[in-house]
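Bear in mind that the values in this text are calculations on the coordinates, not laboratory data. Since the structure is predicted, the reported quantities are computational estimates derived from the model, not experimental observations. Cβ sites come from the backbone with ideal geometry, for glycine too, and all protein chains shown count toward neighbours.
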């Protein structure tokens, strides 16, 4: 009956760093008026902030409530003929984007829907449109860069991240991905700087320390590299494979 998409990066369904907690909720009714009334009453009672509801009536029905009577915006779509599940939700978010091309929640929802069905080209197009209007959106930049990485286009991924980086000082995820891309390109000095930026953004995960250690070792900074590998082991739970690798590098760097 419903599908909620948080205003998130395309990296899953969680809200990424850098985006307000805006939630676009797409609901499709097939004569579910009473159930919808209960849901809307609950939303009205708990009054969550930063939400909007896009309600699609997939068959002709009379609602037992006024969609304009709530404290949050409700956009109503009436289908002349019934449509499928994905078609309804896509249409709902397209309508939201048509009304406001800067609508982050709707755009993010459409990106996630396309990624889930393997349409990376469609997801890329939506992300590029958003970044063309404002290149300093780190959440969208990370999502687009990940698609480029998946396709093996490392230089294109780096270009996207570089454009977003000046406005993303506190966006740890962007710096980690940028460090990973630079490392794969063999630019270890820049990669080390990117991992340090991630640490300044308080993203001190084993992944970050491990990446920093690898680039520092490539730069022949042996003591610093060994310490980074030790920090990787101390900064959180790691897999047996990562533990073995880090311990081997620490031993080799003595």
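Run the numbers on the chain and let me know its relative contact order in percent, using alpha-carbon pairs under 8 Å that are six or more apart.
12
Using a 10 Å cut-off on Cβ atoms, rank the peptides 182-190, 223-231 from the highest mean neighbour count down.
Ranking the peptides 182-190, 223-231 by packing returns 223-231, 182-190.
Shape verdict for the range 17-79, please, from the Cα gyration tensor: rounded (a/c under 1.5), prolate (a/b greater than b/c) or oblate.
It comes out prolate by the Cα gyration axes.
With springs only between Cα atoms under 10 Å, which of 84, 179, 105 fluctuates most in a Gaussian network model of the chain?
Ranking 84, 179, 105 by mean-square fluctuation puts 84 first.
With everything on Cα atoms, drop me the angle between helix 222-234 and the longest principal axis of the chain, reported from 0 to 90° to the nearest 10.
Long axis of 222-234 versus the principal axis of the chain: about 40 degrees.
Can you tell me the order of 54-66, 161-173 when each peptide is scored by its average per-residue count of other Cβ atoms within 10 angstrom, highest first?
In descending order of packing, they fall as 161-173, 54-66.
Per DSSP H run of n ≥ 4, the term is -39500 (n - 2.57); total these for the chain, divide by its residue number, and report the mean residue ellipticity at 222 nm rounded to 500 deg cm²/dmol.
Roughly -18000 deg cm²/dmol at 222 nm, from the helical runs in the chain.
Note the angle between two axes, namely the Cα long axis of helix 104-116 and the longest principal axis of the Cα atoms of the chain, as a number of degrees from 0 to 90, rounded to the nearest 10.
Approximately 70 degrees, to the nearest ten.
Students often check this: by mean Cβ neighbours within 10 Å, which of 144-150, 191-197 ranks highest, and how do the rest follow?
Order by mean packing, descending: 191-197, 144-150.
If you take the Cα atoms of the chain, find Rg, then find the Kirkwood Rh from the mean of 1/r over all pairs, what is Rg/Rh?
Result for the chain is an Rg/Rh of 1.10.
At residue 244 and residue 151, where each label point lies 7 Å from the Cα along Cα→Cβ, what is the point-to-point distance in nanometres?
Computed distance between label sites residue 244 and residue 151 equals 3.6 nm.
Give the angle, between 0 and 90 degrees and rounded to the nearest 10, that separates the Cα long axis of helix 120-133 from the longest principal axis of the Cα atoms of the chain.
90
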